[in-house]
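Colleague: Below you will find the structure I want to go over with you.
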Amino acid sequence: MMKFLDQFKQKNKKFYIKWTVIGMSAIMAALAALWLYINDWDAQQSMKVLIEAVTIEEPATEAPKEQVIKIPESKEVVEEKPVTEELTEEIVTDATVYREDKELPKDPTIINGVLLANKQHPLPDTYAPGEVPEARTAFEAMKAEAAKVGINLNAFSTYRNFARQKQLYESYVAKDGQQAADRYSARPGYSEHQTGLSFDIGESGQEQHWASASFGDTEGGKWLAVNAHNYGFILRYPEGKEKITGYMYESWHFRYVGKDVATQIYEKGITLEEYLGVN
């Protein structure tokens, strides 16, 4: 019986397919006619309605707007503001310019055991250590060594208190104007001489070169440039470093920082500000 049915199915397969297609076509035609009838037999309107129906039923593929907005509202982004403000606070574009909003502090600036005084780091007006004995002892040892090669060093200006620096600065301003005076003289409270660690050095018999760039070309100036670090002194305001130190080249101005620090600064060819990592 099953064999008979299979033979009958194979013989009539094409017949079934043919009439199935005809039936489906008739159904589709009827549906199309019905759709046109619903839309008043307007083919263009029928297509428009069909497209709109399909489009409306499509699922949304984008995330809701409120979810996208919440993403950047994380803790890390909110905390960027104070970090940016802190970095901006540390930026100094030109060390030759005084910060006009900077008041004299109650305590001096000491970084890694080194006292710093410049146009961004002033001293209290009451800071008055006098000439530091350790610095004087180092200078005398250096002077004795220089004398062995016929150079007679003279420390013609060392410690100055706040009042004396004020008097000097005002006289320079009256003479050359404030802009010029600020290049070679510190305002009261900003002078390294107030630390008691700075020595203006000249050579006896060469007074015409004292407090002059020309001292650097004398035998005494050349000797100091290559030997001062052995006694704990550095050339405080090297040539070409005005934007970093805040002052013009002073071949005669030496600052006591101790042998270890002085040697590192000398060997690296840097300034005190660069060594301390500040402006």
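The values are calculated or read from the model by the stated rules, or taken from the named source; none is laboratory data. Only a predicted model underlies this, so the values are computations on that prediction, with no experimental measurement involved. Positions of Cβ are backbone-derived with ideal geometry, glycine not excepted, and every protein chain shown enters the neighbour counts.
Colleague: Can you run down the residue pairs with Cβ atoms below 6 Å, 6 or more apart or on separate chains, where the first is in the stretch 217-243 and assigned to a helix (DSSP H, G or I) and the partner is among the aromatic types (Phe, Trp, Tyr)?
Modeller: Gly221/Phe215; Ala228/Phe254; His229/Tyr266
Colleague: Which members of the stretch 183-204 meet the condition of being assigned to a loop (DSSP other than H, G, I, E, B) and polar (S, T, N, Q)?
Modeller: Scanning the stretch 183-204 gives Ser185, Ser191, Ser204.
Colleague: Follow-up question, since we're still on this one. Please work out if Lys222 is closer than 22 Å to Thr263 by Cα, charged (D, E, K, R) and surrounded by fewer than 17 Cβ atoms within 10 Å (Cβ to Cβ). First the steps, then the outcome.
Modeller: Details: closer than 22 Å to Thr263 by Cα: yes; charged (D, E, K, R): yes; surrounded by fewer than 17 Cβ atoms within 10 Å (Cβ to Cβ): yes.
Yes: the conditions hold for Lys222.
Colleague: Suppose we keep only residues that are in a loop (DSSP other than H, G, I, E, B) and surrounded by 21 or more Cβ atoms within 10 Å (Cβ to Cβ) within the stretch 115-149. Which one would you say is nearest to the chain's Cα centre (by Cα)?
Modeller: Filtering the stretch 115-149 for residues that are in a loop (DSSP other than H, G, I, E, B) and surrounded by 21 or more Cβ atoms within 10 Å (Cβ to Cβ), the one nearest to the chain's Cα centre (by Cα) comes out as Lys119.
Colleague: Taking the conditions exactly as written (out of contact with any Gly (no Cβ under 8 Å at 6 or more places or on another chain) and crowded, with 19+ Cβ neighbours inside 10 Å), does Ala180 satisfy them or not?
Modeller: Taking the combined requirement at face value, the residue does not satisfy it.
Colleague: Of all the residues that make up the stretch 256-272, how many are surrounded by 15 or more Cβ atoms within 10 Å (Cβ to Cβ) and either assigned to a loop (DSSP other than H, G, I, E, B) or not assigned by TED's automatic domain parsing to the domain that holds Ala117 (or both)?
Modeller: Result for the stretch 256-272: 4.
Colleague: Within the stretch 150-167, track down each residue that is of a type in the set (D, E, K, R) and either crowded, with 18+ Cβ neighbours inside 10 Å or assigned to a strand (DSSP E or B) (or both). Outline the logic, then answer.
Modeller: Here is the first cut: in the stretch 150-167, the residues of a type in the set (D, E, K, R) are 160, 164, 166.
Residue satisfying the conditions is Arg160 alone.
Colleague: Is the stretch 99-111 home to any residue that is assigned to a strand (DSSP E or B) and surrounded by fewer than 16 Cβ atoms within 10 Å (Cβ to Cβ)?
Modeller: Yes, the stretch 99-111 has at least one match.
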